[in-house]
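Structure, as C-alpha cells:
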Amino acid sequence: MAEKVSLDISVKNAIAISFIAGIILGILIGGAGALTLQKSPQTLEPTSTNNPSPSPTTSDTQQDNKDGGNTVSVADLTWENDPVLGSKDAEVTLVWFSDLNCMYCRRFAQNTFPQIRENYVSQGEVRVVKKDFITMGANSVTLAKASQAAWQLVGEENPKVYWRWTDAISENQPERKRNSQTVTEDIISTTREVDGIKAEQLREKMKEISREEIQQDIQDGKQRGISGTPGFLIFRTGSDEATQMTGAQPYSVFKSEINKLLES
C-alpha cells in the first residue's frame, strides 16, 4: 500500500514538473517571438533619412498651377535701375530674384543660367532682369549693395562686364560666417580679377547705395509671392501676368516654360 502511494505521488510529481516545464518553454518561445517581432521593423526603415534633402522638383513648385507655379500680376512691375541682360525686344522676360549669399542662387547661376543665356538670351528670345532679394542678413545686404553699385558703374556702357562680375562673385561666394567688413574685402578682391570694372571705384560706390534702394526690389518680390531665393517671374513681354517659379530648378523646367511662351 505504501509503495502504491509512493508511486502515485511520483507520477503526480512528474506530471506537475512536465506541466511547469511546458509553461516555461512556452514563455521562452513566446518571448523570443515577441523580440523578433519588435526588432523586425527596424530593418525596414529607409536609409535615405540620413541624406540631404533633394533639390525642389517640378512637382514641388507646381502645386497651384500646372503650367509651373502661381500666376501673378506684373502690370506695374518696373526695372529701370535693375541689371538687364538681353534684347529689349525679346519675346520673353525672366525676372530673377537673387541673393548673392545664397547657395541655391549659386547653383542656379552655375548650372542653369548659362544654358538659358546661351540658348535663349543670345538668340534674342529672352531678356533677364535681376533683382536683389535679401534672405540671409547683413552679408546679403553687403552683397546686394555691391551688385547695385557694380551695375551703376558699368551697366549702361558695358552690361556684359556686370554679368561677368556677378558670375565671379557667385563662383567665389564669401563664407557666410564672415562679418560684413570682411565680406566687403572679399568682394573687392574678386572684383580686381574682373576686367572692365575698378575695384576701388566699386568700394566707394557701395557707400552710396541705400537700404531703401534694395528694399524696392524686395517689395517687388513679396508683392508677387516671392518668399525665398532664387525666385522667378516668367512672362511674355508686355503681358500683365507672369508665372512664379521657386528654387534652383533644372534647365529643363525653364526650357519648358520659355518654349511654351514662345509658342503662344
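No lab work stands behind these numbers, since they all come straight from the coordinates. Note that the structure is a prediction, hence the values are computed from the model and not measured. Glycine also receives a Cβ, built like all others from the backbone with ideal geometry; neighbour counts cover every protein chain displayed.
Evaluate the following for LEU94: is it outside any strand (DSSP E or B), crowded, with 16+ Cβ neighbours inside 10 Å and out of contact with any Gly (no Cβ under 7 Å at 6 or more places or on another chain)? No, not satisfied. Could you look through segment 130-150, keep only residues that are β-branched (Val, Ile, Thr) and farther than 24 Å from ASP195 by Cβ, and pick out the one that is surrounded by the most Cβ atoms within 10 Å (Cβ to Cβ)? Result: ILE134.
I'd like to check something: does segment 214-223 contain any residue that is acidic (Asp, Glu), in contact with a Gly (Cβ under 8 Å, 6 or more places away or on another chain) and either within 28 Å of ALA90 (Cα to Cα) or surrounded by 14 or more Cβ atoms within 10 Å (Cβ to Cβ) (or both)? No, segment 214-223 contains no residue that is acidic (Asp, Glu), in contact with a Gly (Cβ under 8 Å, 6 or more places away or on another chain) and either within 28 Å of ALA90 (Cα to Cα) or surrounded by 14 or more Cβ atoms within 10 Å (Cβ to Cβ) (or both). Just one of ASP240, ASP220 is in contact with a Leu (Cβ under 7 Å, 6 or more places away or on another chain), farther than 17 Å from GLY137 by Cα and of a type in the set (Asp, Glu); which is it? Going through ASP240, ASP220 in turn, the sole match is ASP220.
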